[in-house]
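Starting off with a structure, shown below.
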């Protein structure tokens with residue numbers, strides 16, 4: 001099968017690669033660009049382990065053809081941290097024990113990162129609803145919710161202090 005030329009901006013860096021038209025974005029990210037943060041889980045969009053951000057929307061990369069992402073701006077877990085270290089959402093997942101085995105964590109954090117941009121001050125119910133597309137077999141979710149709420153509080157306090 002003929003390969004197509006892809007241009008993607010991933011975590012702020014422009015990338016070019018060849019991919020088959022039927023190739024999934026998750027495989028391009030992991031195998032062509034060596035970004036192993038997004039995980040391959042169920043490959044049916046149910047688990048959310050492959051969650052990435054494409055042009056400002058949470059997307060499950062196992063259900064997106066790489067061709068559909070042509071020219072897109074993609075953020076993976078590797079692109080969330082800033083130059084000064086971990087992003088608040090990453091730090092709060094660590095501090096509040098929002099992970100156990102870690103398999104779902106990159107997708108969870110990537111989704112939570114977008115959720116807090118969509119809704120900077122979510123309620124517990126809004127966090128639970130907003131994270132519903134990402135499954136975890138280990139934690140029971142309570143600490144994930146705590147981590148997201150703590151990150152929201154920290155980010156809001158930092159925003160207020162900057163004003």
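The values are calculated or read from the model by the stated rules, or taken from the named source; none is laboratory data. Everything numeric here is computed off the predicted structure, so don't read it as measured data. Neighbour counts run over all protein chains shown; Cβ positions are idealised from the backbone, glycine included.
May I ask you to list the residues in the range 124-138 that are over 17 Å from residue 46 (Cα atoms) and surrounded by 12 or more Cβ atoms within 10 Å (Cβ to Cβ)?
We begin by selecting, within the range 124-138, every residue over 17 Å from residue 46 (Cα atoms); these are 124-127.
Those that are over 17 Å from residue 46 (Cα atoms) and surrounded by 12 or more Cβ atoms within 10 Å (Cβ to Cβ): 124, 126, 127.
Another one. Of the residues 110, 75, which is in contact with a strand residue (DSSP E or B) (Cβ under 9 Å, 6 or more places away or on another chain) and assigned by TED's automatic domain parsing to the domain that holds residue 25?
Working: 110 fails: assigned by TED's automatic domain parsing to the domain that holds residue 25.
Within the list 110, 75, the selection yields 75.
Filter the range 21-34 down to the residues that are in a loop (DSSP other than H, G, I, E, B) and farther than 18 Å from residue 71 by Cβ, then identify the one that is modelled with the highest pLDDT. Can you show your working first?
Looking only at the range 21-34, we keep the residues that are in a loop (DSSP other than H, G, I, E, B), and these are 21-23, 33-34.
Of the ones still in play, those that are also farther than 18 Å from residue 71 by Cβ are 22, 34.
On the way: 22: 93, 34: 96.
If we take residues in the range 21-34 being in a loop (DSSP other than H, G, I, E, B) and farther than 18 Å from residue 71 by Cβ, then 34 is modelled with the highest pLDDT.
Right, next: If you go through the range 91-113, how many residues are at pLDDT 95 or above, buried (at least 22 other Cβ atoms within 10 Å of the Cβ) and either more than 17 Å from residue 59 (Cα to Cα) or under 8 Å from the mean Cα position of the chain (by Cα) (or both)?
10
Just to check your reading of the model, which residue among 61, 69 is closer than 23 Å to residue 5 by Cβ, in contact (Cβ under 8 Å) with a residue 60 or more places away in the chain and buried (at least 21 other Cβ atoms within 10 Å of the Cβ)? Even if it seems obvious, please write down each step before you answer.
Values: 61 fails: in contact (Cβ under 8 Å) with a residue 60 or more places away in the chain.
Just one listed residue meets the conditions, 69.
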